[in-house]
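Remarks on the structure that follows.
No value in this document is a laboratory result; all are computed from the given coordinates. Small disclaimer: the values here were computed from a predicted structure and weren't measured. Here Cβ is always computed from backbone atoms with ideal geometry, including for glycine, and neighbour counts include all displayed protein chains.
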Amino acid sequence: MAAMILLLALAGAVMAQGTSGFEVLRMQPQPRGSSLAGALIADAGNIESTFFNPAGLHSITRRTATATYMKYLLDIKTGYLAYAAPTQPWGVWGASLNYTNYGEFDKRSSTGEDQGLFKATDYVFGIHYANQVKDRLSLGASGKFVYSKIDVYSGSALAFDLGAQYKLNPDHLILGAGIFNLGWTTNAYVSTRDDLPLYYRVGLKAMPTGLPADLYFTVTLYQEYADNYSLNNFGGSRFLDFLGEFYYGIGAEFHPMDVLYLRIGYDTRGLDQKVGTSKDALAGICGGFGVDMTIARFEYGLASYGELGLVQRVGMSASF
């Protein structure tokens with residue numbers, strides 16, 4: 001029983017950065033993105049932008065679809081479908097569906113009587129748009145409807161992502177930024193309407209000359225941490241404390257041959273997963289690979305959550 005309580009507590013720490021609701025909006029289902037520590041805010045031309053930054057869809061030149069599967073912590077399983085198509089000169093439109101099943105749970109009355117089993121599920125339906133508005137500037141937006149059900153209770157919400165990308169150097173350096181999960185709860189489970197898991201992210205994609213890899217870096221601030229600070233108290237150690245509330249992700253993607261992509265990354269959220277065991281050293285480390293089979297690309301991602309174990313993600317994508 002003590003081990004189960006510890007496991008559930010750790011799972012809560014991994015899935016939630018604070019006390020907001022609809023945490024499914026922050027779960028990363030894509031194998032490529034997760035193997036690069038989620039550091040794709042400045043990545044462009046890939047279908048993963050439906051999750052990491054809608055502005056990155058602007059350079060998709062062909063219809064593209066993807067399907068991924070994630071075996072998450074405990075009995076949590078997630079499937080993700082996405083599609084994007086260029087409609088030049090009107091930009092790129094996309095749609096996505098995220099389905100998460102949390103497994104079955106024992107249902108008991110207030111007196112402890114067995115009442116069978118119940119399930120918990122989440123659905124996230126997304127519409128995405130991106131366009132290049134200036135020579136080096138692209139903007140994007142996503143609208144998402146979230147429906148969540150626990151046994152006979154349900155809740156729903158509307159969320160919006162706003163993203164931008166700017167080519168500091170078209171061939172070598174891209175800057176990305178975004179605000180994610182702006183919105184509100186449209187239907188509460190009971191009476192309390194939870195805040196959405198709002199966060200801010202900025203980052204870079206670098207393509208250095210002579211280095212056989214693309215490099216990714218992101219900085220993320222969750223709103224529940226930003227609420228603890230104001231512009232009037234950014235002095236001395238208070239500013240250093242504020243910097244400590246950010247999460248950082250770094251990743252590198254190598255392309256050693258035409259058909260193969262190798263990836264490795266580190267997410268500082270792994271620091272929150274340390275519990276004093278031998279597996280702490282692996283927390284936050286991630287990696288994976290992609291195989292381009294001409295007609296489709298296979299993706300695999302593996303991430304360590306320390307004592308909770310490893311999370312695997314697989315997916316297929318194709319352009320046509």
Partner lysines for LYS274 [C-alpha distance under 22 Å; skip if fewer than 8 residues away on the same chain]: LYS71
Take MET27, MET293, MET207, MET70 and order them by how many other Cβ atoms sit within 10 Å, fewest up front. MET293, MET207, MET27, MET70
What shape does the stretch 23-126 take by its C-alpha gyration tensor, where a ≥ b ≥ c are the square roots of the eigenvalues and a/c under 1.5 counts as rounded, a/b above b/c as prolate, and the rest as oblate? prolate
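Return ILE174, ILE179 ranked ascending by Cβ neighbour count within 10 Å, so the fewest neighbours appear first. All intermediate terms of the calculation are to be shown ahead of the outcome.
Working: ILE174 25, ILE179 15.
If I rank by nearby Cβ atoms, fewest first, I get ILE179, ILE174.
List the relative contact order of the chain as a percent without decimals, with contacts defined as Cα pairs under 8 Å and 6+ residues apart. Please list the in-between numbers first.
On the way: 871 pairs, mean separation 61.6, N = 320.
Worked out over the chain, it gives 19 percent.
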Which of the three applies to the chain, rounded, prolate or oblate, going by the alpha-carbon gyration tensor with a ≥ b ≥ c and a/c under 1.5 meaning rounded? rounded
Of GLY126, PHE105, SER148, which is farthest towards the positive pole of the chain's charge dipole, taken about the Cα centre with +1 and -1 on the beta-carbons of Lys, Arg and Asp, Glu respectively? GLY126
Pick from ASN228, ASN53, ASN131 the residue whose mean-square fluctuation is largest in a GNM of the chain, springs joining Cα atoms under 10 Å. ASN228
Approximate spin-label separation THR87-LEU168, in nm, with each point projected 7 Å along Cα-to-Cβ: 3.4
If I fit a long axis through the Cα atoms of helix 2-15 and take the longest principal axis of the Cα atoms of the chain, what angle between them do I get, 0 to 90°, rounded to 10? 40
Out of MET257, GLY284, GLY38 - ranked by how far each Cα lies towards the positive end of the dipole of the stretch 2-319, with unit charges on the beta-carbon of charged residues - the top one is MET257
